[in-house]
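*Asks:* So that we are looking at the same thing, I have put the structure below in structure tokens.
The values are calculated or read from the model by the stated rules, or taken from the named source; none is laboratory data. Remember, predicted model here, so these are calculated numbers, not experimental data. Backbone-built Cβ (ideal geometry, glycine too); neighbour counts: all protein chains shown.
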């Protein structure tokens, strides 16, 4: 994808996921406010469009297969990617991070009460994430999403 001052910020973010870190660094909204040209967004934030475009190109050069663009992919491919790339790692990391948060709070929480709060927030986050992962991995949900994606593709005239 060629990036010019007229390229929409949202399109850049969709095609080059690593560009998001560049947008965040410059305070450029790539989501709800992303439907405007890069040049306009850069001017608003006092950034040189050429410099931002160069940063995006450098970030895009670091993209790996996991950063694949799913804008035209079947929904099932996206779901498979999410589960294999993110869910498996989360399932491994959540318990380990919980043990670490609890241990740090136990050892240092008396002098740093915020560590107790951090451990509590982490436990709450984990208690919300794990059921969410299970829902996304439920074969019935995957099947429904795949069928909905097939209907949308059929309605759009794509295979």
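*Asks:* Within the range 109-117, identify whether any single residue is at pLDDT 95 or above and closer than 30 Å to residue 135 by Cα, and answer yes or no.
*Replies:* Checked against the condition, which is being at pLDDT 95 or above and closer than 30 Å to residue 135 by Cα, the range 109-117 yields at least one hit.
*Asks:* Filter the range 28-62 down to residues that are surrounded by fewer than 15 Cβ atoms within 10 Å (Cβ to Cβ) and under 17 Å from the mean Cα position of the chain (by Cα) and give me whichever is nearest to residue 78 (Cα to Cα).
*Replies:* Top of the filtered list is 31.
*Asks:* When residue 2 is evaluated against the numbered criteria (1) in a helix (DSSP H, G or I); (2) surrounded by fewer than 15 Cβ atoms within 10 Å (Cβ to Cβ), which criterion, by number, is the only one it fails?
*Replies:* Condition not satisfied by residue 2: (1).
*Asks:* Still on this structure, I have one more. Tally time: how many residues in the range 1-24 are touching a residue at least 24 places away in the same chain (Cβ under 8 Å) and within 22 Å of the chain's Cα centre (by Cα)?
*Replies:* The total comes to 14.
*Asks:* Scanning the range 7-27 for residues that are assigned to a loop (DSSP other than H, G, I, E, B) and surrounded by 13 or more Cβ atoms within 10 Å (Cβ to Cβ), which turns out modelled with the highest pLDDT?
*Replies:* Among residues in the range 7-27 that are assigned to a loop (DSSP other than H, G, I, E, B) and surrounded by 13 or more Cβ atoms within 10 Å (Cβ to Cβ), the one modelled with the highest pLDDT is 7.
*Asks:* Still on this model: Of (1) surrounded by fewer than 11 Cβ atoms within 10 Å (Cβ to Cβ); (2) at pLDDT below 95; (3) more than 17 Å from residue 10 (Cβ to Cβ), residue 85 satisfies all except one. Which?
*Replies:* Result: residue 85 passes all but (1).
*Asks:* Now, a different point. Does the range 34-57 contain any residue that is under 30 Å from residue 138 (Cβ atoms) and not in a helix (DSSP H, G or I)?
*Replies:* To start, the set of residues in the range 34-57 that are under 30 Å from residue 138 (Cβ atoms) comprises none.
No, the range 34-57 has no match at all.
*Asks:* Is it fair to say residue 141 is in the same structural domain as residue 21 (by TED's automatic domain parsing) and surrounded by 13 or more Cβ atoms within 10 Å (Cβ to Cβ)?
*Replies:* In short, no.
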